[in-house]
1. Does A84 satisfy the criteria of being part of a helix (DSSP H, G or I), open to solvent by 40 Å² or more (accessible area, probe 1.4 Å) and either assigned by the TED database to the domain that holds A46 or hydrophobic (A, V, I, L, M, F, W, C) (or both)?
2. Scan T146, T88 and give me the residue that is in contact (Cβ under 8 Å) with a residue 24 or more places away in the chain, closer than 22 Å to A44 by Cα and among the polar types (S, T, N, Q).
3. Can you find even one residue in the range 118-127 that is within 27 Å of S41 (Cβ to Cβ), surrounded by 13 or more Cβ atoms within 10 Å (Cβ to Cβ) and in contact (Cβ under 8 Å) with a residue 12 or more places away in the chain?
4. Any idea which of F54, F100, F60, F43 is part of a strand (DSSP E or B) and either more than 30 Å from E170 (Cα to Cα) or modelled with pLDDT of 90 or more (or both)?
5. Considering only the range 123-155, how many residues are out of contact with any helix residue (DSSP H, G or I) (no Cβ under 7 Å at 6 or more places or on another chain), at pLDDT below 90 and either part of a loop (DSSP other than H, G, I, E, B) or under 14 Å from E179 (Cα atoms) (or both)?
6. Could you check, for the range 110-117, whether at least one of its residues is within 20 Å of the chain's Cα centre (by Cα) and over 18 Å from I140 (Cα atoms)?
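The values are calculated or read from the model by the stated rules, or taken from the named source; none is laboratory data. These numbers were taken from a predicted model, which means no experiment stands behind them. Here Cβ is always computed from backbone atoms with ideal geometry, including for glycine, and neighbour counts include all displayed protein chains. For the accessible areas, the whole protein counts, side chains as well, though only heavy atoms, and no ligand, DNA or RNA atoms are used. Shrake-Rupley method; radii C 1.70, N 1.55, O 1.52, S 1.80 Å.
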Amino acid sequence: MTALALSGYAAASAAGVEPTAASADDSLTPTDVELAAIPSSEFASAVGPVLESFPSDYAFFYFDSDMQPVIGLTSEAVPAVMEAVTMTGQQAQVVEDTGFTQAEYSAAADKVIADLQETWPADVPFPMIGVRPDLGVGAIGANLITNGESLDAARSIQKSTGLIEEADTESPFSIQIDEENVFGPLKAATSIDR
């Protein structure tokens with residue numbers, strides 16, 4: 001799930017809730033955003049444990065940019081999982097025949113990290129790498145990190161991109177660079193300008 005930090009004004013949720021001004025005394029009360037997150041939280045609480053009880057059938061689970069649940073399964077839909085989804089009263093996208101389990105997916109991401117760390121240059125910030133089914137089924141995603149200085153940042157992005165693109169994965173996994181965001185020290189993600 002996506003965590004939201006609020007300061008001054010509440011952010012709009014993916015469910016289309018309009019932003020609201022923070023209270024004058026800055027007291028913490030449930031906001032529209034927090035209330036909009038309840039269905040996602042309830043879905044995850046109801047379906048997550050069922051998915052985990054089928055480790056040989058479970059590939060991934062996440063919420064897309066519209067906060068809709070997406071479930072990946074190794075082969076065909078598991079009746080118990082589908083029943084759990086139905087019991088929530090919510091819709092979910094189910095991706096069948098991924099060809100891998102959640103454990104295999106995590107192990108493939110860990111191998112990419114270990115392989116890259118062996119030869120990664122000390123002067124280039126190491127990227128954030130992990131399973132990212134939101135970038136594609138079997139995608140191992142990389143978010144680039146820079147030191148924030150423009151000339152060094154450009155070199156760092158170029159070097160990181162080249163090293164990540166040379167990294168090895170076995171089918172059905174692939175490495176994808178999240179080209180929408182780059183992180184720097186003590187700053188949030190910003191767009192990459194190439």
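1. Working: part of a helix (DSSP H, G or I): yes; open to solvent by 40 Å² or more (accessible area, probe 1.4 Å): no; either assigned by the TED database to the domain that holds A46 or hydrophobic (A, V, I, L, M, F, W, C) (or both): yes.
No.
2. Sole residue among the options that is in contact (Cβ under 8 Å) with a residue 24 or more places away in the chain, closer than 22 Å to A44 by Cα and among the polar types (S, T, N, Q): T88.
3. We begin by selecting, within the range 118-127, every residue within 27 Å of S41 (Cβ to Cβ); these are none.
So far as the range 118-127 goes, no, none of its residues is within 27 Å of S41 (Cβ to Cβ), surrounded by 13 or more Cβ atoms within 10 Å (Cβ to Cβ) and in contact (Cβ under 8 Å) with a residue 12 or more places away in the chain.
4. Details: F54 fails: part of a strand (DSSP E or B); F100 fails: part of a strand (DSSP E or B); F43 fails: part of a strand (DSSP E or B).
After applying the criteria, what remains is F60.
5. Result for the range 123-155: 5.
6. no
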